[in-house]
Amino acid sequence: MILRTFSNLFAQYQACFRSARAKSTLSAVIDETGKSGFILKSLSTDIFENLALEDWIHDHVDLQNRSMLFLWSNAPAVVIGRHQNPWQECNLQVMRQKGIPLARRRSGGGTVFHDLGNVNLTFFTSKKNYDRHRNLQVVTSALKGLRPDMDVRATERFDILLNGLHKISGTAAKLGRTAAYHHCTLLCSADRALLSVVLKPTCQGIKSNATQSVPSPVKNLLDEDPTLDCDTIMDSVASQYNTEFGFSSPVTLVDPSDELSLPGIQRMARELLAWEWTFGRTPKFSICTTFELKNDTSICNATLNIDIKNGIIESCDIEVPSDWLPVELSREFSLHLIGGKLCPYETSVITAEFLRTIPQNKELERKMYNLSRRVVFMM
C-alpha cells in the first residue's frame, strides 16, 4: 500500500493558498485534489487527538460528494459512548492506578478498550450515503482476502463475529445534519486480560437511564492466525476500501496535532480531555448502596444514597449506626459533599477540610477516615 505524509501533500498545494491562511488546511488540500475518495492514517496514538481529528473532519471537510476512510490506533485507553455513565461502565480505580485515560466520544454506542493491538476504522460519508452494512462488508472482505477460510460476518447489531461466537469488532456512529461517520474497532492483538479488568465496573447500586454496554466474549484475530497483525490488516482494509468504492487513493499519513493544517484541532482535543465533558456529560443518575465499616473493635454496615447531575453531587445521605458514629457527624459530612464533583481527588480535599473541623478525638478521626475512604473508593 502506497504511503505519503500529509505534510508532503500539503506542501504540494500550499502555494495555491498563500493568500488565505484559512484555506491552507486539510479540507482545502482535499478539495484541491478533486478526488471522491481519500484514505488517512494517523501518526498519533493519543486517544484525544484522534477523536478530535474525527470531529474536525466531520465539521470541516465537504463530504457531500466525497467519502473518506480514517485508520488509527491508540495507546491504552477506555472509550465510552456519548450517552454512557463511566461509573457504570468501567473500573475507574484500576484505570487511575495504571494511568489509563477515559475518553467520551461524540458518537453513541457502548464502551470499548483501546490499545496498540486494536485497529480503529472510521468511514466518513454524506448523511445520505451513510451505510454501515457496506462499511462492514469492506472489513469482512478485507479479512477474507487475507484468509479466505476465515468465518467472519457482520451481525444485525453491526458487530463482527469470528466463528459465529467471538466479537472482534463493535460499531458506533454520528449522524450530523449533512455528514456522517461510522467507526468500528477491530481486535488484532489487544491485551484481553487488561480489557476484562478495566471494563468491569466496581461501583454498585447505580440507577441510571444511560446507555449500557452489552458484554460479549471477545477474541483477537492474531489468536486465529499469527500473520494477522495490525499493519497487515490496515493495509488490507485500505485496499478493499478502494476496491469496494472504485477509488485509487494512497494512504496519507496525518498528524492530528498539527494546528496549522487543522485549525482549532488542539482546542477540540482539550474539550474532549476536560472533566466537564468526560464525566460532567453523564446523564443524571443515583447511587444507593451498602458497605461495611470497621475499626479495631467493631464492624457495622452503612448506606449511601446520592443523586448526581452533570457529575456533581446534588444530594447526599450517609447513614451510619449511631453507636458507631454520632449521627450529626455523618449528617454534616453528607452536607459537605453536596455541590462537589463525584471525583476522588475533590472528595479527598473536601474530606480533609471536614476532618479538621471535628473534635480532637483519635477514635472519631479514624472512623471518619474509614468512612470517607469507602465513599471515595466508589468514585
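Quick look at the numbers
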{"read-out": "Members of the range 85-112 found to be surrounded by 18 or more Cβ atoms within 10 Å (Cβ to Cβ) and over 14 Å from Ala172 (Cβ atoms), listed by number", "value": "Asn85, Pro86, Trp87, Gln88, Cys90, Asn91, Leu92, Met95, Ile100, Pro101, Leu102"}
{"read-out": "Complete set of residues in the range 253-309 that are in a loop (DSSP other than H, G, I, E, B) and among the polar types (S, T, N, Q)", "value": "Ser257, Ser261, Thr282, Asn295, Thr297, Ser298"}
{"read-out": "From the options Leu221, Leu161, Leu165, Leu187, residue that is open to solvent by 60 Å² or more (accessible area, probe 1.4 Å) and either within 21 Å of Ser141 (Cβ to Cβ) or at pLDDT below 95 (or both)", "value": "Leu165"}
{"read-out": "So Ser348, is it surrounded by fewer than 20 Cβ atoms within 10 Å (Cβ to Cβ), touching a residue at least 12 places away in the same chain (Cβ under 8 Å) and under 34 Å from the mean Cα position of the chain (by Cα)", "value": "yes"}
{"read-out": "Members of the range 247-267 that are open to solvent by less than 20 Å² (accessible area, probe 1.4 Å) and either among the small types (Gly, Ala, Ser) or within 23 Å of the chain's Cα centre (by Cα) (or both)", "value": "Ser249, Val254, Pro256, Ser261, Leu262, Gly264, Ile265"}
{"read-out": "Residue pairs meeting the criteria (Cβ under 8 Å; at least 6 apart or on separate chains; first closer than 14 Å to Ile306 by Cβ, in the range 322-337; second open to solvent by less than 90 Å² (accessible area, probe 1.4 Å) and part of a loop (DSSP other than H, G, I, E, B))", "value": "Ser330/Val320"}
{"read-out": "Residues of the range 185-217 satisfying the condition of being farther than 30 Å from Val375 by Cα and either touching a residue at least 60 places away in the same chain (Cβ under 8 Å) or touching a Leu at 6+ places or on another chain (Cβ under 6 Å) (or both)", "value": "Thr185, Leu186, Leu187, Cys188, Ser189, Ala190, Asp191"}
{"read-out": "Verdict on Leu116 being of a type outside the set (Lys, Arg), touching a Ser or Thr at 6+ places or on another chain (Cβ under 7 Å) and surrounded by fewer than 22 Cβ atoms within 10 Å (Cβ to Cβ)", "value": "yes"}
{"read-out": "Qualifying residue in the range 185-194 (condition: under 17 Å from the mean Cα position of the chain (by Cα), of a type in the set (A, V, I, L, M, F, W, C) and assigned to a helix (DSSP H, G or I))", "value": "yes"}
{"read-out": "Residue within the range 175-183 that is touching a Ser or Thr at 6+ places or on another chain (Cβ under 8 Å), surrounded by fewer than 17 Cβ atoms within 10 Å (Cβ to Cβ) and in a loop (DSSP other than H, G, I, E, B) present", "value": "yes"}
{"read-out": "Residue ID - nearest to Thr290 (Cα to Cα), chosen from residues in the range 224-239 that are modelled with pLDDT under 95 and either open to solvent by 70 Å² or more (accessible area, probe 1.4 Å) or touching a His at 6+ places or on another chain (Cβ under 6 Å) (or both)", "value": "Pro226"}
{"read-out": "Residues located in the range 178-203, provided they are among the polar types (S, T, N, Q) and closer than 30 Å to Val61 by Cα", "value": "Thr178, Thr185"}
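The values are calculated or read from the model by the stated rules, or taken from the named source; none is laboratory data. All values reported here derive from a predicted model rather than from experimental measurement. No Cβ is skipped: glycine too gets one built from the backbone with ideal geometry, and neighbour counts run over all protein chains shown. What goes into the accessible areas is simple: the full protein's heavy atoms, side chains included, and nothing from ligands, DNA or RNA. Shrake-Rupley method; radii C 1.70, N 1.55, O 1.52, S 1.80 Å.
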